[in-house]
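Inspection log for the structure reproduced underneath, given as structure tokens.
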Amino acid sequence: MRTDTTIQDVFNRFLPEYAQVSNFSERQYLAVKCITSCRTAEMGAHVSECESCHNTYIHYNSCKNRHCPMCQSMDVDVWIDKQQENVLNTTYFHTVFTLPEEIYPLVYSNQQLLYDALYHSTNKTITELSRDSKYLGAQLGYICVLHIWGSKMNYHPHLHTIVLGGGLDKNNHWQDRNGKLFFPVKVMSAVFKKYYLEELKALHEAGKLEYHGSAEKLKNQYSFKELLNTLYSKEWIVYTKKAFNGAQSVIDYLGRYTHRIAISNNRIERIEGDQVIYKAKDYKNGGKMTPVSISGTEFIRRFLMHVLPKGFVKIRHYGLLSCRNKKEKMTLCRNLLGCEQYLSRLKDKTVAEKLLILYNKDICKCRYCGEPIHPFRVDGRYMLC
């Protein structure tokens with residue numbers, strides 16, 4: 001029995017059946033085309049030949065689609081290397097802002113607008129509370145990363161926020177709380193709810209929202225008002241995990257979370273008949289990974305729910321880490337804390353040099369005789385990247 005089943009296998013097996021009963025959006029179709037063609041002859045290749053022993057190497061091109069589980073590894077490592085320049089050797093917190101499930105159909109119908117609203121309301125919440133002298137009285141730096149799935153690939157939009165455990169006050173002095181969280185979770189929840197619903201109502205009143213599928217009933221003013229009443233009456237979920245211990249743990253965490261997609265290949269166990277068996281967390285059993293079996297078409301439906309809108313920026317930096325602030329203010333923070341700045345190993349390096357540094361893999365030498373090899377490009381049928 002195969003144990004190396006990939007999402008490409010699932011797509012190749014069940015896409016014809018899925019296409020008969022479901023429609024693709026333009027973005028979903030592109031993701032499907034990329035994933036099914038990734039690292040095949042359809043994507044073209046780089047062919048290399050050793051000048052000494054004449055051995056030939058064929059490296060099929062990857063699709064570079066951000067939803068493809070076969071294309072994330074090197075991108076993650078390069079991104080992390082760049083981000084380390086702005087990591088301080090101090091406390092960080094991991095805060096998660098989650099939308100209530102009652103709003104999911106409306107969010108799915110308006111992904112660009114209401115995902116953006118999630119970032120906006122999170123930013124306003126952290127900014128308001130951090131500048132309040134009752135809590136900290138300083139400007140923080142934080143990174144926000146959108147995830148829109150649960151472990152079973154169910155639709156579950158939430159924002160992971162990595163928050164610097166201190167900041168600069170108006171006199172550019174460092175302020176922190178000695179590794180303790182400075183915001184009460186219930187206060188964060190209330191402020192987050194206030195800002196998100198303010199933006200939701202503004203979008204509704206401006207006529208910018210669309211209503212599809214199970215959200216269609218919200219075209220009715222009374223139904224929309226009823227939804228708002230329900231959302232206002234609920235306590236929204238915001239929680240903060242245990243603080244990270246120093247810069248390296250932050251860097252490791254960034255690698256696990258920033259470029260994650262709905263499901264990775266190592267969680268797919270096998271295909272049995274018309275079923276796909278994959279591993280997911282069982283939260284009723286302490287988060288233990290257990291097998292889940294669903295039909296192949298349902299697997300594809302769930303996966304495609306998490307394809308992001310075109311041009312959507314998933315990782316965003318705020319406060320001290322925003323583009324206009326980080327060069328000057330992060331330098332000041334390092335000086336105040338006595339932190340050394342990490343220097344990038346990969347900046348201005350070629351792909352071959354990056355592979356050698358990251359994985360000790362020299363693609364410029366023959367693996368048999370060690371002599372130089374000469375690559376040339378072979379175009380494929382689909383040059384999707």
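The values are calculated or read from the model by the stated rules, or taken from the named source; none is laboratory data. Bear in mind that the values here come from a model prediction, so they are computed numbers and not experimental data. Cβ coordinates were reconstructed from backbone atoms using ideal geometry, including for glycine residues, and neighbour counts include every protein chain displayed. Heavy atoms of the whole protein, side chains included, go into the accessibility calculation; ligands, DNA and RNA do not. Shrake-Rupley method; radii C 1.70, N 1.55, O 1.52, S 1.80 Å.
For Lys152, give me every one of the lysines with a C-alpha distance below 16 angstrom, ignoring sequence neighbours fewer than eight places off in its own chain. Lys152 reaches Lys279, Lys281, Lys284, Lys288. Stretching the chain fully between Tyr342 and His374 yields a gain of 8.1 nm (0.36 nm per residue, less the alpha carbon separation).
The helix-based estimate of mean residue ellipticity at 222 nm for the chain, built from -39,500 (n - 2.57) per DSSP H run of four or more residues and divided by its residue count, is -11500 deg cm²/dmol to the nearest 500.
Evaluating kT/(6 pi eta Rh) at 10 °C and 1.306 mPa s, with the Kirkwood radius of the stretch 121-176 over Cα pairs in the Stokes-Einstein relation, gives 126 µm² s⁻¹. Label-to-label distance, Asp132 versus Glu226, with points set 7 angstrom from Cα along the beta-carbon direction: 3.4 nm. Taking the stretch 140-164 and a reference point 7 angstrom along Cα→Cβ of Glu235, the backbone N atoms nearer than 20 Å belong to 159. The convex hull drawn around the Cα atoms of the stretch 1-55, when projected onto a plane and averaged over every direction, covers 6.3 nm². With a 1.4 Å probe rolled over the protein heavy atoms of all chains, the accessible area of His306, His204 falls in the order His204, His306, largest first. Computed over the chain, the Cα gyration tensor eigenvalues convert (square root of 5λ each) into semi-axes of 38, 32, 18 Å, ordered from largest to smallest. Debye-formula intensities of the stretch 254-335, expressed as log10 I(q)/I(0) at q = 0.13, 0.14, 0.18 Å⁻¹, are -0.65, -0.70, -0.90 (one equal scatterer per alpha-carbon, no solvent). The spread of Cα positions in the stretch 295-369, taken along each principal axis and listed from longest to shortest, comes to 56, 48, 21 Å.
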